[in-house]
1. On the basis of being in the same structural domain as Leu383 (by the TED database), at pLDDT 90 or above, in contact with a helix residue (DSSP H, G or I) (Cβ under 9 Å, 6 or more places away or on another chain) and open to solvent by 10 Å² or more (accessible area, probe 1.4 Å), does Tyr418 make the cut?
2. Mind checking which pairs have a first residue in region 57-68 that is acidic (Asp, Glu) and a second that is crowded, with 21+ Cβ neighbours inside 10 Å, Cβ under 9 Å, 6 or more apart or different chains?
3. Checking Asp93 against (1) farther than 26 Å from Glu157 by Cα; (2) open to solvent by 40 Å² or more (accessible area, probe 1.4 Å); (3) modelled with pLDDT of 75 or more: exactly one of these is not met. Which one?
4. Looking only at region 370-384, count every residue that is more than 21 Å from Pro460 (Cβ to Cβ) and modelled with pLDDT of 90 or more and tell me the total.
5. Listed residues Gly367, Gly363; which is at pLDDT 90 or above, small (Gly, Ala, Ser) and assigned by the TED database to the domain that holds Met436?
6. Please specify each residue of region 264-278 satisfying the condition of being over 24 Å from the mean Cα position of the chain (by Cα), open to solvent by 20 Å² or more (accessible area, probe 1.4 Å) and more than 13 Å from Gly198 (Cβ to Cβ).
7. Working only within region 359-410, note down all residues that are of a type in the set (Val, Ile, Thr) and in contact with a helix residue (DSSP H, G or I) (Cβ under 6 Å, 6 or more places away or on another chain).
8. So is Glu288 of a type outside the set (A, V, I, L, M, F, W, C), touching a Leu at 6+ places or on another chain (Cβ under 6 Å), modelled with pLDDT of 80 or more and not in a strand (DSSP E or B) or not?
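The values are calculated or read from the model by the stated rules, or taken from the named source; none is laboratory data. All values derive from a computational prediction rather than experimental measurement. Counting neighbours? That spans all protein chains shown, and the Cβs are built from the backbone with ideal geometry, glycine included. Remember, those area values only see protein heavy atoms, side chains included, never the ligands or the DNA or RNA. Shrake-Rupley method; radii C 1.70, N 1.55, O 1.52, S 1.80 Å.
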Amino acid sequence: MGPRAGPVVCDPGHTTGGGTTVYCCRSAIVCRAKGVGGVEALGAFAGAARWVGEPLLLVDGAGRVRAVNAAATTLLGAGAAGRTLASLVLDPDADVGRCLRRWRSTAEPAPATLTFRSDGPLAGPRTCLGHRTSTGGEVVVRVAASGSATVEGRADERLRRLYALSAVLAAAVSLREVAQVVREDAPSLIGVRSASLGLHLHRLFPLREGGESAAADEPWFDLDEPGGPELPSSPRGLDSDARTDASSTAAAPDVLLLTLTGHRPEPLGILRLELEAALPADEAAHVEVMAGQIAQAVSRAGLYEHEHRLAQRLQHSLLPDLPRLPELTVAARYAAGADQVAVGGDWYDLFRLPRGRIGMAIGDVAGHGLTEATEMAQLRSVLRAAALRAGDSPQEVMAEVNAFVCTYLPERTATACYLVYDPARGLLRYTNAGHMPPLLLPPTGSPRLLPGRVPLLGLPGVAPEPCGEVTIETGSALLLYTDGLIERRGQSLDEGFAFLSALVADAHDMAPDMLCRLLVDARDGSWPDDRALMAVRFEVAGSGTSCARPDWGVRDTKGPGRVMPAVG
């Protein structure tokens with residue numbers, strides 16, 4: 001890496017410990033992205049200040065200097081850390097208070113002029129750039145070093161580019177997003193012709209299947225892929241001839257390969273830069289700092305991908321293998337949401353009951369995490385056990401499940417819909433405890449939502465009631481789903497129901513697996529929540545289709561795509 005400015009000196013009352021991860025080399029970016037102050041702000045400042053040769057000071061909300069870099073110690077004295085900024089400059093009442101107020105009000109570097117109490121190079125008025133670093137009120141102050149305005153201008157431009165790259169990398173969550181930033185934004189910010197990533201994907205997320213390879217359109221090249229691009233065994237860094245090679249031309253740009261390392265010792269990949277011309281010596285450290293930010297972003301995104309895949313595998317392991325039944329054709333899917341890394345609480349089930357009947361269920365435990373996934377598995381097991389005792393009565397099954405939630409999971413709420421299908425009579429009976437209404441697709445006619453819903457699970461003293469029964473016609477299909485399938489940013493539930501109904505309006509002959517592909521596999525990344533879907537086609541059923549509901553005071557709703565308001 002490039003030359004360092006030396007250690008950071010802190011106020012004796014504070015340390016820069018705590019394992020703070022510095023994702024970039026400018027404390028403003030770190031603190032803004034993480035929303036931290038206090039000890040973490042000190043750790044971020046330490047990670048950033050060591051790369052800056054000009055004096056840097058971290059000033060807290062009370063105006064006291066909490067930390068300085070080596071350049072500031074040389075010019076202001078060893079005792080600068082711990083003193084107030086006002087004690088280090090002349091005319092503090094007029095200048096320092098005004099400057100601090102201005103700097104705390106902006107995240108962009110704002111200039112000011114201060115006259116320091118020094119007989120050395122800082123004697124006389126000096127230009128300072130300051131900005132806030134966190135919600136805690138800390139301010140970073142950079143004192144312009146002696147030199148020409150051109151030098152200061154170049155330093156400002158590097159900091160601006162460093163700030164811009166840090167900002168776009170901070171917004172990139174997935175590995176694809178980081179690679180797109182490197183390809184699209186990094187070249188102009190680093191000052192090169194092009195930039196691209198080569199990655200060791202198995203090191204970034206070890207759960208990747210052995211036979212799985214990167215998609216053809218991924219914005220990186222896989223260094224583990226057989227027959228991939230040939231790279232030098234020892235990538236050139238900035239301490240090699242690449243730094244001063246004067247033979248680079250626009251027609252044959254010099255290629256610079258920088259190794260990317262994360263929290264593990266083995267390299268995560270390579271940053272490939274095509275240079276317009278040989279790098280000047282004063283740009284060397286700056287380019288490596290920016291490469292370091294990219295390496296941290298790659299490491300962070302790899303951890304996200306790893307956790308995402310682990311959560312998906314755990315979720316799928318908790319869901320059942322659906323049986324093959326001659327009366328039904330069944331397919332099911334689960335997909336994690338775009339905003340989710342943790343395991344979800346969505347579940348589905350289908351099983352054979354005594355006397356030839358078939359039980360089906362769909363449900364959702366509120367929240368995301370291992371606890372919710374464990375409770376989801378418990379509810380599925382409890383429902384199966386209750387179905388063996390009272391499988392013909394959805395009302396009694398749901399009453400037992402509700403009693404279990406109230407007794408053993410008193411702080412939890414959940415939704416579920418349990419249905420019992422009798423192939424001999426072609427009759428489907430159901431109780432819906434606060435869940436999304438099933439969508440029935442008859443062989444002819446428009447899809448319709450099965451009406452009726454009672455309060456969700458987990459409410460003491462509330463006994464679930466039956467919601468209705470439907471006579472099924474052979475060839476009908478039924479969609480059981482969780483709320484993530486219809487909820488979309490900026491849309492109401494009614495709009496989601498209407499969209500789902502319209503999407504399957506002409507899908508009368510579509511196989512259940514194709515319905516799952518249409519509704520889950522082919523959806524874009526704008527669906528924030530995880531979603532589960534079970535599609536059932538009735539191959540053996542009675543003739544005719546009718547829908548009847550006992551009069552339990554549950555209001556009927558009219559119009560396509562409209563249902564009762566969600567409970568809970």
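1. When the stated conditions are applied, Tyr418 does not pass them.
2. Every condition considered, the pairs that remain are Asp60/Ala41; Asp60/Arg66; Asp60/Glu138; Asp60/Val139.
3. (3)
4. Residues in region 370-384 being more than 21 Å from Pro460 (Cβ to Cβ) and modelled with pLDDT of 90 or more: 3 in total.
5. On inspection, the qualifying residue turns out to be Gly363.
6. Across region 264-278, the qualifying residues are Pro265, Glu266, Glu274, Glu276, Ala277, Ala278.
7. Just the residues of region 359-410 that are of a type in the set (Val, Ile, Thr), to begin with: 362, 365, 371, 374, 382, 397, 401, 405, 407.
Of everything in region 359-410, those that are of a type in the set (Val, Ile, Thr) and in contact with a helix residue (DSSP H, G or I) (Cβ under 6 Å, 6 or more places away or on another chain) turn out to be Val365, Val382, Val397, Val401.
8. Yes.
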